[in-house]
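*Asks:* Below is one structure. I have some questions about it.
Please treat every number below as a calculation from the coordinates, not as lab data. This is a predicted model, so every value here is computed, not measured. For neighbour counting, all protein chains shown are included, and Cβ atoms are generated from backbone atoms with ideal geometry for every residue, glycine included.
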Amino acid sequence: MASVIGSVAPGLLIAPPPLTDPNFDRTVVLMALHDENGALGFVVNRLAPLSVGELLAHAGLGDELRRHAGPVHIGGPVQPSSGWVLSLDAEPPAENVIAVGERIRVTSSLVALKALAEYLEVKSPASVDPLRRIVLLGYSGWGPGQLDAELAMGAWLPVELDEEIVFDPDVERKWERAFERHGFAMAGSMMRGGGEA
């Protein structure tokens, strides 16, 4: 049985370039679980090629929802058709909800998707979702000891959980901001200078 030297959940993983797996190049991963059984996380800075309204309609919640243009994120390469809702909520987690730190919650429950659909139907155009919900497709998973080995090889930089990064609407800049906010600005700029295609 593999041992976990130190859990990186709850926390963030920053992928230092170049990472050989294109699924994780320049990514920020929210780590939800990490123990001797493996690890579960969600990429928070990749967008899927469909809107939240299209996803809700595909989930059978009504074709009228297609008009909602909010983004959908790609949580990772595992089970890419599975839908997850990430939210900011100080309430204790309900059944089928994973607590990530004190205030971040993630679930694949259809109830959460229905609640989001109901909110989108009644919210005013200028309002901001108080739960700051992010819809994700798929997740990032590691088997027992797999993430520990990748961490030992320097494939990931673990940093503390930062809600501001997780829920930052500027998806394109999350990776750079994660480096800057955690003292990796110099390393990040040196690595970017290596000539990316």
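*Asks:* Could you tell me the distance between the Cα centroids of region 73-98 and region 111-165, to the nearest Å?
*Replies:* Region 73-98 and region 111-165 have Cα centres separated by 6 Å.
*Asks:* Just to be sure I understand, if you calculate mean projected area of the Cα convex hull in nm² for this structure, which of (1) 12.0; (2) 10.9; (3) 21.4 do you get?
*Replies:* (1)
*Asks:* Step through the residues of region 120-129 one at a time and calculate ³J(HN,Hα) from phi using the Karplus curve (6.51 cos²θ - 1.76 cosθ + 1.60, θ = phi - 60°), rounding each to whole Hz and writing x for Gly and Pro.
*Replies:* Couplings: 4, 6, 10, 6, 7, x, 8, 6, 10, 4 Hz.
*Asks:* Also: Run through region 98-127 and list the GluC sites (Glu not before Pro) located in a DSSP loop whose Cβ has at most 10 other Cβ atoms within 10 Å.
*Replies:* Sites meeting the loop and neighbour criteria: GLU102.
*Asks:* Please rank TYR119, TYR139, fewest neighbouring Cβ atoms within 10 Å first, as an exposure proxy.
*Replies:* Listing TYR119, TYR139 from fewest to most nearby Cβ atoms yields TYR119, TYR139.
*Asks:* Over the chain, what is the relative contact order in whole percent, taking alpha-carbon pairs under 8 Å and six or more residues apart?
*Replies:* The normalised contact order for the chain reaches 28 percent.
*Asks:* Full extension from LYS123 to LEU110: what is 0.36 nm times the residue separation minus their Cα-Cα distance, to one decimal in nm?
*Replies:* Extending this stretch completely gives an extra 2.7 nm.
*Asks:* For ASN45, enumerate residues with amide H under 5 Å from its amide H, sequence gap 5+ or separate chain, H modeled in the peptide plane.
*Replies:* Amide H to amide H, under 5 Å and 5 or more residues apart or across chains, ASN45 pairs with VAL28.
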